[in-house]
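The values are calculated or read from the model by the stated rules, or taken from the named source; none is laboratory data. This one's a predicted model, so the numbers in the text were calculated from it and none came from an experiment. Backbone-built Cβ (ideal geometry, glycine too); neighbour counts: all protein chains shown.
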């Protein structure tokens, strides 16, 4: 009986944590373009607002862009940032996690950017 109560509390706690926005800190070394918006190089906090929106915060400035979180079968050793042509930010692989943030329209595959 006690095990069921603990399991229920643990499950409820995980649901509350997953409902809250997840955020990661990343450093962009070059000026970039994400979802058609120019952003400057620097340290950013990337918060996943829901399954199709990310908020990039740099100081007091923030922008919302279409993005989705994907889960890799293995953890990434370091944070990796992938660009396409013209410094178009395509995805961020978050070091120490198995989370990959793919920028662009959440209904299209990442290669379509």
**Report entry** the stretch 28-49, subset free of Cβ contacts under 8 Å to residues at least 24 places away in the same chain and either part of a strand (DSSP E or B) or within 10 Å of the chain's Cα centre (by Cα) (or both), residue nearest to residue 89 (Cα to Cα)
**Finding:** 38
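Given the options 53, 78, name the one that is under 18 Å from the mean Cα position of the chain (by Cα) and at pLDDT 95 or above. Step through it out loud before you land on a result.
On the way: 53 fails: at pLDDT 95 or above.
From the options 53, 78, the qualifying one is 78.
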Report summary line: Result of the Cβ filter at 7 Å on the stretch 69-93, keeping first residues that are within 21 Å of residue 42 (Cα to Cα) and partners that are in a helix (DSSP H, G or I), at least 6 apart or interchain, is 90/110; 91/110
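Which one is surrounded by the fewest Cβ atoms within 10 Å (Cβ to Cβ), of the residues in the stretch 26-55 that are in contact with a helix residue (DSSP H, G or I) (Cβ under 7 Å, 6 or more places away or on another chain) and closer than 11 Å to residue 103 by Cβ? Walk me through it before giving the result.
Taking the stretch 26-55 and keeping what is in contact with a helix residue (DSSP H, G or I) (Cβ under 7 Å, 6 or more places away or on another chain), we get 30-33.
So of that shortlist, the ones also closer than 11 Å to residue 103 by Cβ come out as 32-33.
Values: 32: 21, 33: 16.
It comes out as 33.
Here is a yes/no grid of residues against (1) surrounded by 15 or more Cβ atoms within 10 Å (Cβ to Cβ); (2) touching a strand residue (DSSP E or B) at 6+ places or on another chain (Cβ under 9 Å); (3) over 13 Å from residue 23 (Cα atoms):
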site: 57; (1), (2), (3): yes, yes, no
site: 60; (1), (2), (3): no, no, yes
site: 70; (1), (2), (3): no, yes, yes
site: 87; (1), (2), (3): yes, yes, yes
